[in-house]
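Q: I have a structure I would like to understand better, so I am pasting it below and will then ask my questions one at a time.
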Amino acid sequence: MPNELLNKFIEVFQTNEENSRTFFAPGRVNLIGEHTDYNGGHVFPCALTIGTTAIVKKREDRLIRFYSTNFEQLGVIEVSLDNLRNEKAHDWANYPKGVVVILEQHGYKVETGFDVLYAGEIPNGPGLSSSASIEVVTGILLNELFSFEIDRVELVKMCQQAENEFIGVSCGIMDQFAIGMGKEKHAILLNCDTLEYIYSPLDLKNASLIIANTNKQRGLADSKYNERRGECERALQDLQTELTINSLGELTPSKFDEYAHLIKNEIDRKRAKHAVHENARTKTAVAKLEEGDILAFGKLMNASHVSLRDDYEVTGKELDSLVEAAWKQDGVIGSRMTGAGFGGCTISIVENNQIDSFIENVGVEYEEKTGLKADFYVVNVGDGAKEIVKEIVNE
């Protein structure tokens, strides 16, 4: 694909390939540990082999020209380095703009403009983190293009800051971290409070990961995400009247159950219960996977979905329909929603000899229940963001 894209880059920007460079950042999927990241808990994501490719070339002036093959109707979006603002008309291009702004705030001056073409293989908006993939590929290309030598974890944090402050979505660190730090055939157990992490081999034996996209428009996701975050923050404040804690992730389920009465609002209590129990579930699930007990891991995935449905209330008819259909199928080890919720995707572990029947049966039942067609992706676990170095062919 990079050769095709290089031709597109040359055509769009009326240039040649001299001094152009190519970068890639994956999408990510979270296997378990949902809505725990901003509550100081653990998550267990992995990077995918599908993602965002960016081809970039420095300019000699102060202009940045953005183009995306996913939003061709918007054409080339042109901005000046001296006037980088979040503009609604610029749509997707606000994400890379935000990364430039945050890097400059940290003292990394982007001295000249550049032309950049993005091409994403990640379906837009279903919870596989296409936005974070754009942010991280931008961070990596700026770091290399201008020789900033920013530590990878620091760069990941700056990409998160761009989404928080420039875009205005209060996301946790998980998406950018998984995309920046991913490792082939491994998932990452990440403590979102301390950023301590371990790579855990993802040996699914004779099974594969299947992502199913509800294809429901996710209009609610951002507003409800911020609402849930606020509910957990209120619950934490109530608990802090008697407990010396900085986050819900510091509590064990038994400790939470002992002090849950301190949370005045019943809805806030349910939200906090999910955050605490999901954190414990995630740590247990990873331990089970390391023991080779993939069936126990799958059961914990299922329990995660139930908690997200009943206590956190972020699933909705479409996600529940997909997951409930998946649970009925032969060869399904576990299935749950993944991402922010209110539409988006599910992640299932399915035995390889049942993949075709799984896709067919779940697709039929889902369409009968919702009137929507689901898309299915059998995915592989890949590396984090990197430069794609052109191979030199010796004559």
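Q: Any idea what angle helix 130-145 forms with the longest principal axis of the chain, computed on alpha-carbon atoms, 0 to 90 degrees, nearest 10?
A: For helix 130-145, the angle is close to 40 degrees.
Q: Further question on the same structure: Taking the Cα centre of region 102-222 as origin, work out the dipole magnitude from +1 charges on Lys and Arg Cβ and -1 charges on Asp and Glu Cβ, in debye rounded to 20.
A: Numbers: 8 positive and 17 negative charges, 110 e Å.
The calculation lands at about 520 debye.
Q: List the residues, sorted by chain then number, that are 5 or more residues from G334 or on another chain and whose placed amide H is less than 5 Å from its amide H.
A: For G334, whose amide H was placed from the backbone, the distant partners under 5 Å are I349.
Q: How much mean residue ellipticity at 222 nm does the chain get from its helices, if each DSSP H run of length 4 or more adds -39500 (n - 2.57) and you divide by all residues, to the nearest 500 deg cm²/dmol?
A: Working: 11 runs with 153 residues, N = 395.
After summing the helix terms and dividing by residue count, I get -12500 deg cm²/dmol.
Q: For region 326-338, in order, what is each residue's ³J(HN,Hα) by Karplus, 6.51 cos²θ - 1.76 cosθ + 1.60 with θ = phi - 60°, in whole Hz (x at glycine and Pro)?
A: Those phi angles translate into 5, 4, 7, 7, 5, x, 8, 8, x, 7, 7, 5, 9 Hz.
Q: Enumerate the amide H contacts of T49 below 5 Å, restricted to partners 5 or more residues apart or on another chain; note that Pro and chain-start residues carry no placed amide H.
A: Those qualifying (amide H under 5 Å, at least 5 residues apart or on another chain) are N380, G382.
Q: Helix 152-161 versus the longest principal axis of the chain: what is the Cα-based angle in degrees, 0 to 90, to the nearest 10?
A: 80 degrees
Q: Enter the Cα centre distance for the pair region 336-374 and region 225-260, rounded to the nearest angstrom.
A: For region 336-374 versus region 225-260, the Cα centre distance is 33 Å.
Q: Still on this structure, I have one more. Of (i) 51; (ii) 42; (iii) 38, which is the value of percent of Cα pairs over 31 Å apart derived from the coordinates here?
A: Answer label, from the structure shown: (iii).
Q: A follow-up question, please. Hand me the trypsin sites (Lys or Arg not before Pro) from region 100-197 located in a DSSP loop with no more than 12 other Cβ atoms within 10 Å, in residue order please.
A: Values: sites: K109, R152, K157, K183, K185; in loops: K109, K183, K185.
The qualifying sites are K109.
Q: Considering only V116, Q217, A25, whose Cα is most displaced toward the positive end of the charge dipole of the chain, charges sitting on Cβ of Lys, Arg (+1) and Asp, Glu (-1)?
A: Q217
Q: So, one more: Would you please name the trypsin sites (Lys or Arg not before Pro) within region 300-366 that are DSSP coil residues with at most 16 other C-beta atoms within 10 Å of their C-beta? Kindly include the intermediate steps, with their values, before the conclusion.
A: Values: sites: R309, K317, K328, R336; in loops: K328.
Answer in residue order: K328.
Q: Sticking with this one: Just going by the charge dipole of the chain, with Lys and Arg at +1 and Asp and Glu at -1 on Cβ, which of L204, Q240, I77 is farthest out on the positive end?
A: Q240
Q: Size of the dipole of region 61-141 about the Cα centre, Lys and Arg at +1 and Asp and Glu at -1 on the beta carbon, nothing else charged, in debye to 20? Could the numbers behind the result be given before it?
A: Numbers: 6 positive and 11 negative charges, 34 e Å.
In total the dipole reaches around 160 debye.
Q: Identify the GluC sites (Glu not before Pro) of region 1-107 meeting these criteria: DSSP loop state and at most 16 other C-beta atoms within 10 Å of the C-beta. If you can, show how the numbers build up before the last one.
A: Details: sites: E4, E11, E17, E18, E34, E60, E72, E78, E87, E104; in loops: E17, E18, E34, E60, E87.
Of the GluC sites (Glu not before Pro), the ones in loops of region 1-107 whose Cβ has at most 16 other Cβ atoms within 10 Å are E17, E18, E60, E87.
Q: Using only Cα atoms and rounding to the nearest 10 degrees, what angle (0 to 90) does helix 266-290 make with the longest principal axis of the chain?
A: The answer is roughly 80 degrees.
Q: Run the count for region 2-202, please: Lys pairs, Cα-Cα under 25 angstrom, 8 or more apart or on different chains.
A: Here the count comes out as 17.
Q: Dipole size in debye (nearest 20) for region 2-202 around its Cα centre, Lys and Arg Cβ +1, Asp and Glu Cβ -1?
A: Working: 16 positive and 28 negative charges, 23 e Å.
Computed about the Cα centre, the dipole is about 100 debye.
Q: Show me, for region 367-379, the HN-Hα J-couplings you get by feeding each phi into the Karplus relation (A = 6.51, B = -1.76, C = 1.60, θ = phi - 60°), rounded to Hz, glycine and proline as x.
A: 5, 4, 7, 10, x, 10, 9, 8, 10, 10, 9, 7, 10
Q: Just to check I understand the Karplus step: with θ = phi - 60° and J = 6.51 cos²θ - 1.76 cosθ + 1.60, what whole-Hz values come out for region 347-353, glycine and proline as x?
A: In residue order, the calculated couplings are 10, 10, 9, 10, 4, 4, 7 Hz.
Q: Return the lysines within reach of K270: Cα separation strictly under 16 angstrom, same-chain partners fewer than 8 residues apart disregarded; answer none if there are no such residues.
A: Output for K270: K224, K255.
Every number here is computed from the coordinates shown, using simple stated rules; none is lab data. Note that the structure is a prediction, hence the values are computed from the model and not measured. Counting neighbours? That spans all protein chains shown, and the Cβs are built from the backbone with ideal geometry, glycine included.
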